[in-house]
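Here the structure is laid out as structure tokens; the discussion comes afterwards.
The values are calculated or read from the model by the stated rules, or taken from the named source; none is laboratory data. Everything numeric here is computed off the predicted structure, so don't read it as measured data. Methodologically, a virtual Cβ is constructed for each residue, glycine included, from the backbone with ideal geometry; neighbour enumeration extends over all protein chains shown.
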Amino acid sequence: MVNLSEVKGIGPKTELLFNKIGIFTVDDLVTHYPFRYDVLKRSNLDNIEEDEKVIMDGKVESIPLIVRFKGGLNKLNFRLASPNGPIGVSIFNRAFLKPQLTIGTSVIVIGKYDKTKNIISASDIKFGTLSKEDKIEPVYHSTSGLTQKNLSNYINTCLLKYGNDIEDNIPKYLMDKYDFSNKKTALNIIHNPPNFDKIKEASIRLKYEELFEFMFKVNYLRLQNEKKEAGIARSGDISLLDDIIKSLSFELTGDQKNVLKEIIDDMNSSKKMNRIIEGDVGSGKTIVAFLAMYYNALCGYQSALMAPTEILAIQHYNNFKSLFKGKKVNVELLTGSITKKDKKPIYDGLKDGSINIVIGTHALIQDEVEYNNLGLVITDEQHRFGVNQRANLKNKGKKPDVLYMSATPIPRTYALTIYGDMDVSIIKEMPKGRKPVKTVVKNTSEVKDVLSMMYEELKAKHQVYVIAPLIEESDNIDLTTVYNLRDKMNLAFGSKYNIDIVHGKMASQAKDLIMNEFKQNKVNILISTTVIEVGVDVPNATMMVIFDANRFGLSTLHQLRGRVGRSELESKCVLISDIEDVKRLEIMENTNDGFEIAEEDFKLRGAGDIFGTKQSGDMNFKIANLKSDYKILSQAKKDSLEFLKNKEEDSNPLKIRLIEKIDVK
């Protein structure tokens with residue numbers, strides 16, 4: 001893989017800008033696909049409606065003049081000789097273009113046309129002329145300091161220099177079968193489109209490759225599981241759990257009982273369990289996992305539960321200790337912040353088998369950790385861990401049963417494909433007594449009403465989450481941030497209540513400290529980005545306010561909403577949006593069913609938002625979309641399985657390379 005620093009023209013500063021948008025290598029750069037295409041076609045100014053976007057080309061006819069304003073703002077004005085005659089052009093904050101806009105230079109101006117003044121107020125100026133055919137321009141996600149032109153130039157530079165080294169990850173017989181072009185050609189078309197028919201052809205080919213690789217991995221893992229020696233066949237019976245189930249202060253739901261039976265049946269069979277529990281927020285997946293660990297201990301084996309954050313691991317540990325108090329089971333907590341001295345007896349207990357259950361973070365898979373007879377491995381919020389991290393934990397035992405948990409509801413059709421290497425258990429039924437969170441959609445003009453609602457909760461000694469989608473200001477999108485939200489909340493409530501912030505760029509320890517203070521009610525209002533989506537249970541938090549709710553997918557909103565309503569207290573969620581997004585958000589007012597919401601999200605946005613923002617690990621597709629490309633996915637699943645099972649292809653360098661890629665991940 002060629003690093004960006006090796007590309008001519010990319011210095012340390014530009015490299016950092018690329019890193020900001022997730023581009024670290026040449027491969028990342030050439031597969032940074034456009035998210036849309038603009039069609040540049042000369043407008044007929046005679047038929048332009050007021051405020052309609054216009055595109056006009058021509059030659060610079062006058063020396064540009066710069067008008068400067070307070071605060072460093074500026075406006076550049078010049079006259080354009082266009083096919084419609086002379087037109088005035090003005091554009092803000094583009095003074096740096098003046099040296100390039102010499103008289104006679106051909107430019108394309110995009111903006112709004114004022115017929116009365118015969119002036120285009122431009123939003124963009126490109127160099128060149130419009131041909132008779134429509135000009136299709138790719139538009140990329142970028143960051144401040146990295147222009148569309150720069151991005152396009154760097155991508156094409158890399159395609160020119162390194163294009164012949166780009167590997168095709170589709171077997172040749174399938175390339176021939178579907179009449180696919182090679183990857184270099186497809187990438188050239190995607191980044192330099194001649195027409196929309198060619199874009200469609202190239203994108204189908206690139207989507208197929210991405211989904212073929214993904215399904216190859218899923219099918220390979222499933223076949224490996226089938227090949228492996230039999231799992232542990234326990235000699236116990238589910239009746240061993242009767243006493244502990246009766247002692248619980250709540251009754252298990254029908255779904256919980258069914259899923260528990262599926263798990264115990266797996267554990268009692270000689271087949272190695274590889275199962276995922278799909279459960280909505282608050283559906284009670286964790287108690288099922290706890291009961292499975294307790295059953296495993298009663299049968300004489302050790303269990304390990306790995307959580308994505310230390311604070312969640314501590315919560316699981318405390319809950320387990322509370323629920324199984326007085327039972328003959330030795331449970332310990334193992335996280336990165338525990339001192340070396342305190343880790344030693346835990347390591348010893350795991351090695352000699354005196355510790356039955358260990359709950360922790362990545363610390364569970366460190367080299368120093370040795371298990372005596374690990375029989376059950378559970379990964380919470382499994383999509384937060386990479387394949388390698390999950391494999392490392394299960395490889396700590398000889399042949400342990402494996403259970404994954406996910407609070408991200410996925411429609412069953414897609415789950416069976418995505419989790420093709422696993423058995424899927426679903427918990428939909430909510431525990432008795434759990435009150436649904438009341439959700440309302442508000443406009444920004446109604447913020448005073450929202451503040452009044454917050455004040456009522458705070459007066460009742462309850463706590464409030466406030467969510468903002470960005471950490472810092474963006475030049476491209478004007479969104480509320482955690483910092484200016486903190487200023488506003490301090491203005492409204494700072495004299496009476498404690499306010500703090502938490503976001504993804506903070507160090508883990510700092511985040512955990514603030515989350516703990518919130519849990520202990522030392523912080524009354526917590527302003528956060530989506531990092532609290534998977535976090536501690538704070539039963540006293542009864543209200544969530546989400547600003548710029550239109551920026552989130554429905555599944556993410558549902559995950560966030562699940563942080564409140566964790567007790568018998570009435571809870572509410574307020575979605576604030578300025579954009580006419582009410583129809584989409586109405587489903588949040590009408591249902592608390594995460595699976596129903598996930599179905600709607602698939603219809604509206606596809607799979608990109610299923611796991612929230614960029615937190616999906618194995619599920620980050622660059623060009624494919626599980627909803628709209630489901631037919632391609634199904635075909636890729638079938639083709640990859642055929643390729644894997646074909647013994648004649650075992651020496652195929654592509655097959656070897658794809659398997660090696662799975663191993664390193």
- Note on the structure: Within segment 281-337, the residues that are within 30 Å of the chain's Cα centre (by Cα), aromatic (Phe, Trp, Tyr) and within 25 Å of Ser269 (Cα to Cα) are Phe290
- Query: For Ile10, which of the numbered conditions (1) within 30 Å of Phe196 (Cβ to Cβ); (2) touching a residue at least 40 places away in the same chain (Cβ under 8 Å); (3) surrounded by 11 or more Cβ atoms within 10 Å (Cβ to Cβ); (4) among the hydrophobic types (A, V, I, L, M, F, W, C) fails to hold?
  - Reply: (1)
- Message: Against the conditions (1) farther than 23 Å from Asp165 by Cα; (2) free of Cβ contacts under 8 Å to residues at least 24 places away in the same chain; (3) in contact with a strand residue (DSSP E or B) (Cβ under 8 Å, 6 or more places away or on another chain), where does Asn47 fall short? Just the number, please.
- Response: (3)
- Hey, can you tell me all the residues within segment 92-107 that are in a strand (DSSP E or B) and either crowded, with 16+ Cβ neighbours inside 10 Å or in contact with a Pro (Cβ under 6 Å, 6 or more places away or on another chain) (or both)? Val107
- Note on the structure: Scanning segment 87-105 for residues that are modelled with pLDDT of 95 or more and of a type in the set (Gly, Ala, Ser) gives Gly88, Ser90, Gly104
- Message: Test of understanding: among Asn93, Asn44, which residue is under 22 Å from Ser131 (Cβ atoms) and of a type in the set (S, T, N, Q)?
- Response: Asn44
- Somewhere in segment 33-42, is a residue surrounded by 11 or more Cβ atoms within 10 Å (Cβ to Cβ), touching a residue at least 12 places away in the same chain (Cβ under 8 Å), closer than 13 Å to Tyr162 by Cα and not hydrophobic (A, V, I, L, M, F, W, C)? no
- Message: Going residue by residue through segment 486-497, is there one that turns out to be of a type in the set (Gly, Ala, Ser), in the same structural domain as Val450 (by TED's automatic domain parsing) and within 12 Å of Tyr465 (Cα to Cα)?
- Response: no
- Of the numbered conditions (1) out of contact with any strand residue (DSSP E or B) (no Cβ under 7 Å at 6 or more places or on another chain); (2) at pLDDT 85 or above; (3) assigned to a loop (DSSP other than H, G, I, E, B), Glu446 satisfies every one except a single condition; which is it? (3)
- Message: I'd like the full set of residues that are in a helix (DSSP H, G or I) and within 21 Å of Gly594 (Cβ to Cβ), limited to segment 269-296.
- Response: Lys285, Thr286, Ile287, Val288, Ala289
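Please work out which residue is nearest to Thr286 (Cα to Cα), limiting yourself to segment 315-329 and to residues that are in contact (Cβ under 8 Å) with a residue 60 or more places away in the chain and assigned to a helix (DSSP H, G or I). So that I can check it myself, show each step before the final result.
Here is the first cut: in segment 315-329, the ones in contact (Cβ under 8 Å) with a residue 60 or more places away in the chain are 315-316, 323-324, 327.
If we keep only those that are assigned to a helix (DSSP H, G or I) as well, we get 315-316, 323.
Values: Gln315: 11, His316: 8, Leu323: 12 Å.
For segment 315-329, the residue satisfying everything is His316.
Quick one: which of Leu221, Leu206 is within 26 Å of the chain's Cα centre (by Cα), in a helix (DSSP H, G or I), at pLDDT below 95 and of a type in the set (A, V, I, L, M, F, W, C)? Steps first, answer last, please.
Numbers: Leu206 fails: at pLDDT below 95.
Exactly one of Leu221, Leu206 is within 26 Å of the chain's Cα centre (by Cα), in a helix (DSSP H, G or I), at pLDDT below 95 and of a type in the set (A, V, I, L, M, F, W, C), namely Leu221.
Check segment 120-138 and report whether any residue there is buried (at least 16 other Cβ atoms within 10 Å of the Cβ) and not in a strand (DSSP E or B). Walk me through it before giving the result.
Just the residues of segment 120-138 that are buried (at least 16 other Cβ atoms within 10 Å of the Cβ), to begin with: 120-122, 125-126, 130, 135-138.
Retained after the next criterion (residues that are not in a strand (DSSP E or B)): 130.
Yes, because at least one residue in segment 120-138 is buried (at least 16 other Cβ atoms within 10 Å of the Cβ) and not in a strand (DSSP E or B).
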- Message: For segment 331-350, which positions are of a type in the set (S, T, N, Q) and surrounded by 14 or more Cβ atoms within 10 Å (Cβ to Cβ)?
- Response: Thr335
